[in-house]
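Chemist: Below: one structure in structure tokens.
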Amino acid sequence: MLEIVVDAYGGDYSPKETVEGALSALDSYSDFSLVIVGNKEEISLLTEGRRDLVKVVDAPEVITNNDVPTEAIRNKRNSSLVAAIDYMNANENAKALVSTGSTGAVLTGAVLLTRRIRGVIRPALAPVLPTVKPNKNVILIDCGAIVDPKPQNLVQYAQMGAAYSKFFKVDNPVVALLSNGMEDKKGNALNKEAFELLKNSNVNFVGNIEAREILSGDYDVIVADGFSGNIALKACEGTAVTMFELIKKGIMAGGLRAKLGYLLLKPVFKEIKHKMDYNDNGGAVLLGLEKIVVKGHGASKAKAVRNAVLQARELAVGNLVEKIAGEIAHD
């Protein structure tokens, strides 16, 4: 049976919310089991009565956001994160890992300890973002795994992102390169060289785009180096939070008319908030490894963890690793 490994610690609300969310995912499907890693005594109390599809692996140490990722992976071998990765790597049925821990530690541990897909030079982090078009998402890759990649890395990001996009029923994903302008000659040296390689690759590449087009819904995959992609992602998140704050303040300061308008528009605001809520979207997937790694938001509560586990299951059942391997092999 398929096993999903869950790092129970490292998140803001671990282990209670992490374990609760992982257990609730079992209510949706009966074709997978959980391996929950962390302090065995605490986890056993939280999983009491649900042990039929749950295995607990003891790992008393915790890697925090204050730890230096490379040092923590090397020195905290009994941490929940390292033990979770080790279990996943050592067991054939364990196809995926979910963690809400330190982003740096999760990326470092997964990249250093897990084998890459044959032909993949560097893995990449790929969150799925909402767009202004109904039922349309966009994959932004890379968002922080490799901040200083080579041009060929960006081509592989495009290939891996295109394979991932097909899980969203996209037959021929539209791929664009994040740059400082839409003209073909825009960008730094990395972008210019990557542009030429992408133009001659096996993906449906349509050229450069600016950051303001990320959520337009006109593209399925947006390729970036990890430095630029991470900034773009956080700018999108920050803008969304700021807009909701401004709207809220405007309503509160606008008197009776504004409050009545809010009541009329409440269903619209609720739908927008739902679409932008990371709790509903699972996590960002680290593409390019022989196992699936889903990095959930550090502030994830049970609902977000549940969705991240279900996301990991869907990608494992749908053979994402094999699909990426096929894209890379046909380059």
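Chemist: Only one residue in Ile139, Ile73, Ile63, Ile36 is touching a Lys or Arg at 6+ places or on another chain (Cβ under 6 Å) and of a type outside the set (Ser, Thr, Tyr), so which one is that?
Modeler: Step by step, each of Ile139, Ile73, Ile63, Ile36 is checked, and only Ile63 is touching a Lys or Arg at 6+ places or on another chain (Cβ under 6 Å) and of a type outside the set (Ser, Thr, Tyr).
Chemist: Is it true that some residue in segment 71-85 is closer than 27 Å to Leu233 by Cα and free of Cβ contacts under 8 Å to residues at least 12 places away in the same chain?
Modeler: Checked against the condition, which is being closer than 27 Å to Leu233 by Cα and free of Cβ contacts under 8 Å to residues at least 12 places away in the same chain, segment 71-85 yields at least one hit.
Chemist: What is the number of the single condition among (1) closer than 30 Å to Glu42 by Cα; (2) assigned to a helix (DSSP H, G or I); (3) open to solvent by 40 Å² or more (accessible area, probe 1.4 Å) that Lys95 does not meet?
Modeler: So the condition that Lys95 fails would be (2).
Chemist: Quick one: what pairs do we get from segment 91-119, first residue within 23 Å of Lys303 (Cβ to Cβ), second of a type outside the set (A, V, I, L, M) and open to solvent by 50 Å² or more (accessible area, probe 1.4 Å), C-beta under 6 Å, 6+ apart or different chains?
Modeler: Ser102/Asn65
Chemist: Read through the list (1) open to solvent by 60 Å² or more (accessible area, probe 1.4 Å); (2) farther than 25 Å from Phe167 by Cβ; (3) touching a Lys or Arg at 6+ places or on another chain (Cβ under 6 Å), then give the number of the only condition that Glu290 fails.
Modeler: Tallying (1) open to solvent by 60 Å² or more (accessible area, probe 1.4 Å); (2) farther than 25 Å from Phe167 by Cβ; (3) touching a Lys or Arg at 6+ places or on another chain (Cβ under 6 Å), Glu290 fails exactly one: (2).
Chemist: Of everything in segment 214-232 that's in contact with a helix residue (DSSP H, G or I) (Cβ under 7 Å, 6 or more places away or on another chain) and among the hydrophobic types (A, V, I, L, M, F, W, C), which residue is surrounded by the fewest Cβ atoms within 10 Å (Cβ to Cβ)?
Modeler: Once the filter is applied, the top-ranked residue is Ala232.
Chemist: If you check every pair at least six apart or on different chains, which have Cβ atoms under 9 Å apart with a residue in segment 314-328 that is more than 19 Å from Ser28 (Cα to Cα) first and a residue that is assigned to a helix (DSSP H, G or I) and small (Gly, Ala, Ser) second?
Modeler: Leu320/Ala163; Lys323/Ala163; Ile324/Ala163; Ala325/Ala163; Gly326/Ala163; Glu327/Ala162; Glu327/Ala163; Ile328/Ala163
Chemist: Now, a different point. In segment 136-184, what count of residues is obtained for those that are open to solvent by 10 Å² or more (accessible area, probe 1.4 Å), over 11 Å from Ile222 (Cα atoms) and small (Gly, Ala, Ser)?
Modeler: Qualifying residue count, segment 136-184: 2.
Chemist: Let me ask something else about it. Which condition breaks for Lys16 when tested against (1) more than 20 Å from Ala96 (Cα to Cα); (2) charged (D, E, K, R); (3) within 20 Å of the chain's Cα centre (by Cα)?
Modeler: (3)
The values are calculated or read from the model by the stated rules, or taken from the named source; none is laboratory data. Here the structure is a predicted model, which means the values were calculated and not measured. So basically every Cβ, Gly included, is an ideal-geometry build from the backbone, and we count neighbours across all protein chains shown. When the accessible area is computed, the model is the full protein with side chains, heavy atoms only, and any ligands, DNA or RNA have been set aside. Shrake-Rupley method; radii C 1.70, N 1.55, O 1.52, S 1.80 Å.
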